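Novice: One structure is given below, represented as structure tokens, and several questions about it will come after.
Every number here is computed from the coordinates shown, using simple stated rules; none is lab data. Quick caveat: nothing in here was measured; it's all calculated off a predicted structure. Backbone-built Cβ (ideal geometry, glycine too); neighbour counts: all protein chains shown.
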Amino acid sequence: MDEHSLHVWESFYVIVGSSAGALTGLQFVVITLISESRAVARSGATLAAFGSPNVVHFCSALLVSALCSAPWHGLGPLAVTLGLCGAGGLIYSVAVLRRAQRQSEYQPVIEDWIWHNILPMLAYAALVVAGLMLPRDVDVAPYFVGGSTLLLVFIGIHNAWDTVTYITILQARRRAAEPSPAKPEPASHDG
């Protein structure tokens, strides 16, 4: 098998890469809306732990999709590049885990640890495995790459939705706890 065997994945990467690119832009809109909310955290630590990684995951999926669609001359350079992307993502995931542990404005639950830490590490580890496998098994390695990129997109979608839902609920609770404004008394018309 050779690099031409990867050609059958081209449509997959066009779809995943385009989706990741569009969702990256949408994430900027989400962050802007959240920043205008009164429910925003007082520091950037929570955003760095739970918001910014979504953009990185979307951009990683976009990058990997572009790399897998590029006209490589041999599988070796692509394999090394995918392995480096995966290793970089793993290092970044460890940094995100530390940020999540250090921030104090939000108490993560098990679902947060799974979606914000465990699944991204799994996706990036799959890229490392794919990079190691690709030169020897071009039939199986693309499934690791495809699964990884799709998982990164799903992680970003889930986490962005989770953030928006959390902020919406938090704002509703704060509004419900605020005292109602007093109604102005009608003016009397003494004649």
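Novice: Mind ranking 172-180, 153-161 by how tightly packed they are, going by the mean number of other C-beta atoms within 10 angstrom, highest first?
Specialist: The densest-packed peptide leads the list: 153-161, 172-180.
Novice: Taking other Cβ within 10 Å of each residue's Cβ, how do C68, C59 sort, fewest first?
Specialist: Least crowded to most crowded, the residues run C59, C68.
Novice: What is the distance, in nm, between label points placed 7 Å from the Cα along the Cα-to-Cβ direction at S104 and at A87?
Specialist: 3.7 nm
Novice: For I15, I167, what ranking results if the residue with the fewest other Cβ atoms within 10 Å of its Cβ goes first?
Specialist: Listing I15, I167 from fewest to most nearby Cβ atoms yields I15, I167.
Novice: Principal axis extents for the chain, Cα atoms only, whole Å, descending order, please.
Specialist: Ordered largest first, the chain gives principal extents of 97, 36, 21 Å.
Novice: In addition: Using a basic spin-label model with each label point 7 Å from the Cα along Cα→Cβ, how many nm lie between T165 and A45?
Specialist: If labels sit at T165 and A45, their model points lie 2.6 nm apart.
Novice: Apply the membrane-span-like helix rule to the chain: whole DSSP H runs, Cα extent along the own long axis of at least 27 Å, mean Kyte-Doolittle hydropathy at least 1.0. List the helices found.
Specialist: Helix filter hits for the chain: 10-35.
Novice: Would you kindly state the longest site-free stretch of the chain, with sites defined as GluC sites (Glu not before Pro) in a DSSP loop (not H, G, I, E, B) surrounded by at most 15 other Cβ atoms within 10 Å?
Specialist: Answer - 106-191.
Novice: Give the calculated FRET efficiency between S11 and W113 to the nearest 0.05, with a Förster radius of 30 Å applied to their Cβ-Cβ distance.
Specialist: 0.30
Novice: While we're looking at this one, here's another question. I need the calculated FRET efficiency for the pair A70 and S180, taking r as the beta carbon distance and R₀ as 45 Å, to the nearest 0.05.
Specialist: With a Förster radius of 45 Å, E is 0.15.
Novice: Next question. What does the charge count near D112 come to, summing +1 for each Lys or Arg and -1 for each Asp or Glu among other residues with Cβ under 15 Å from its Cβ?
Specialist: 0
Novice: DSSP loop trypsin sites (Lys or Arg not before Pro) in segment 47-156 with at most 14 other Cβ atoms within 10 Å of their Cβ, which ones?
Specialist: Sparse-neighbourhood loop trypsin sites (Lys or Arg not before Pro): R136.
Novice: I would also like to ask the following. Fewest first, what order do I118, I31 take by the number of other Cβ atoms within 10 Å?
Specialist: Going from sparsest to densest Cβ surroundings: I118, I31.
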